[in-house]
1. Provide a single number: the residues in region 365-385 that are open to solvent by less than 10 Å² (accessible area, probe 1.4 Å) and farther than 19 Å from residue 414 by Cβ.
2. Please work out which residue is nearest to the chain's Cα centre (by Cα), limiting yourself to region 84-100 and to residues that are surrounded by fewer than 18 Cβ atoms within 10 Å (Cβ to Cβ) and within 17 Å of residue 289 (Cα to Cα).
3. For region 358-410, which residues satisfy the criterion of being outside any strand (DSSP E or B), closer than 23 Å to residue 43 by Cβ and either of a type in the set (Ser, Thr, Tyr) or at pLDDT below 95 (or both)?
4. What single numbered condition from (1) touching a helix residue (DSSP H, G or I) at 6+ places or on another chain (Cβ under 7 Å); (2) open to solvent by less than 10 Å² (accessible area, probe 1.4 Å); (3) not in a loop (DSSP other than H, G, I, E, B) fails to hold for residue 219?
5. Output the number of residues of region 59-68 satisfying the condition of being buried (at least 17 other Cβ atoms within 10 Å of the Cβ) and without any contact (Cβ under 8 Å) to a residue 40 or more places away in the chain.
6. Could you count how many residues in region 234-243 are among the small types (Gly, Ala, Ser) and either in contact with a His (Cβ under 9 Å, 6 or more places away or on another chain) or surrounded by fewer than 24 Cβ atoms within 10 Å (Cβ to Cβ) (or both)?
7. What tally of residues in region 386-410 results from selecting those that are out of contact with any Phe, Trp or Tyr (no Cβ under 9 Å at 6 or more places or on another chain) and surrounded by fewer than 22 Cβ atoms within 10 Å (Cβ to Cβ)?
Amino acid sequence: MTFSPSHNFALQLDAQDKLASFKEAFVIPDPSLIYFDGNSLGMMPKAAQSKSRQIVDEQWGRDLIRGWNKGWWDAPSRVGDKIGRLIGAAAGQTLVGDTVSINLFKLATSALTLQPNKKRIITDTFNFPSDIYILQGIKHLLSEGQRNMQHEIIRISSNDGDLTPDLAALEAAIDENTALVTLSHVVFKSGYMYNMQRITDLAHAKGALVLWDLSHSVGSVPVHLDDCNADFAIGCTYKYLNGGPGAPAFLYVNKNIQEKITSPIWGWWGQKNPFDFDLDYTPAPGAQRFLVGTQPMISLLTMEAALEPMIQAGMDALREKSILMTDYASFLTESWLVPFGFSLGSPVDSAIRGSHISIRHPEGYRINRALIEEMNVIPDFRAPDNLRLGFAPLYLSFADVWEGFDRIRRVLEEKRYEKYPKQKLAVT
C-alpha cells in the first residue's frame, strides 16, 4: 500500500477497518488520550469491568466458598484452553496460573532435568532480562544441588545494531550438547519476530527442547504451537490479552511430553487427588501437574472475560490490521521523525515484526516524559534510547496513530523535551 501523511488518509483507513467497532468494547475515559502502551498493559474491556463486579458482588459476596464448585476450581484449565485457541494449542495443554517467571522456572527446570547429560542453554541478548535471570538462577540451583549439572548459558547477540538476532550464530550454537533453546517469539525492544517453525526444527534436529516466551506474541500475532511441535511456552495475559495488571500468566506443555516430566515445585493443585489429602505427592495427569497452589480467582476470572473481544475478532483479522498499523507507523517515522534525529528501531519487514515498533533517539527518555506529561500520549521507554510504541488493533484507530505521531513531531519541533531532567524515574 502507498501511504500518505495526510489526516484524511488515516480517516480513509479507519473507514475500511473491519475491526473498528471493537473500540466500543473498551473503557476509554479520555477520548483525547493516545495510548501506545497496550504492549505493556492493555486497556480494560467493558466485559472485564462488569465481570469483576459480578465476581466480587455475587460469586465471592454471595456464594462464598461454594464458588469452588461453581467454576473456580477448573478455571486454570478452562481459561487455559481459551488462550490455547489464540496460540494454536489443542485442549489439555495450556494452563493459567502463577507468573511468567515462575512458569519459566518450572518448565525450564523440567526440561533440563529431563536431559541431565546435556549442558547447554541457548537464549539471546534480546530476551526479557527476567527470563535470563531465571535461567541464571536455575543454573546456580542445579550446580549447587548436583555437581554434575554444570550448565552453560549461551546468549546470542546481534550484528545489526540490536534490531535482529544473529541467526547464523544461533544455528551454530545449537549442538548435540544443547538441552534447551528458550527465546522470546517477539522480542520486547525491537519487536523482531522469530520463525518459530524453523528454530524449533533446528533445535529438535539436535535433540534439544524448545521453550517460547509468548508475552509479546499472544493476542498480537498468530501462533501455531501444535503445528510447530513446540515443547513448551509461557506468556503473560496483561498485554494484548487485556487481562489487567498482574493478571495470572499461562504455560503450555506439549501433550507428547507431559507424562515424561514433572514440575520442580510440588503443590496441592498439581496433586493427582488433592482432596484425598495424602501426605505423599503423586503428580496429576497431563499439564495439570504444573499447577502449584491456590490461584487468584478474582483476577483469573476477570481475565477470562477480557479474552472475549479477541476471540470474537480472530487472530487473522487482528494480524492483518496490526501489519497495516505498524507499516503506517513506520512510514510516519520516516516521513516526520527521521528529520529530527529519530531512527526506526524495528525490522522494516512486517513478516518478522510483531505489533509494536521502537523508534530511537538520543533524547528518547526526555521525549517520552514530554509526551506523557504534556501531550497526553503514553508510550514507554526502554534503555538506552528506545521509545516503544504498541499498536493494539482492537482499540486503536488509524486516526489515533496519526494524531500520536503528530504530537511526537510537535514535541520535537517545539523542543518541549528540553525542560525535563535526564535522570530517570523509577518506572519507565
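The values are calculated or read from the model by the stated rules, or taken from the named source; none is laboratory data. Here the structure is a predicted model, which is why all the values come from computation and not from measurement. No Cβ is skipped: glycine too gets one built from the backbone with ideal geometry, and neighbour counts run over all protein chains shown. Ligands, DNA and RNA are stripped out before the accessible areas are found, and what is left, the full protein with its side chains, is counted by its heavy atoms. Shrake-Rupley method; radii C 1.70, N 1.55, O 1.52, S 1.80 Å.
1. Final tally of qualifying residues: 2.
2. 99
3. 395, 397
4. (3) is the only condition that residue 219 fails.
5. Taking region 59-68 and keeping what is buried (at least 17 other Cβ atoms within 10 Å of the Cβ), we get 59, 67.
Of the ones still in play, those that are also without any contact (Cβ under 8 Å) to a residue 40 or more places away in the chain are none.
Here the count works out to 0.
6. Going residue by residue through region 234-243, those that are among the small types (Gly, Ala, Ser) are 235, 243.
Okay, now just the ones that are also either in contact with a His (Cβ under 9 Å, 6 or more places away or on another chain) or surrounded by fewer than 24 Cβ atoms within 10 Å (Cβ to Cβ) (or both), so 235.
Counting residues in region 234-243 that are among the small types (Gly, Ala, Ser) and either in contact with a His (Cβ under 9 Å, 6 or more places away or on another chain) or surrounded by fewer than 24 Cβ atoms within 10 Å (Cβ to Cβ) (or both) gives 1.
7. The initial filter retains those residues of region 386-410 that are out of contact with any Phe, Trp or Tyr (no Cβ under 9 Å at 6 or more places or on another chain), namely 386, 397, 399, 403, 407, 410.
Those left that are additionally surrounded by fewer than 22 Cβ atoms within 10 Å (Cβ to Cβ): 397, 399, 403, 407, 410.
Total meeting the criteria: 5.
Conditions tested, residue by residue: (1) part of a loop (DSSP other than H, G, I, E, B); (2) at negative phi; (3) in contact with a Ser or Thr (Cβ under 9 Å, 6 or more places away or on another chain).
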{"residue": "134", "(1), (2), (3)": "no, yes, yes"}
{"residue": "154", "(1), (2), (3)": "no, yes, yes"}
{"residue": "198", "(1), (2), (3)": "no, yes, no"}
{"residue": "215", "(1), (2), (3)": "yes, yes, yes"}
{"residue": "242", "(1), (2), (3)": "yes, no, no"}
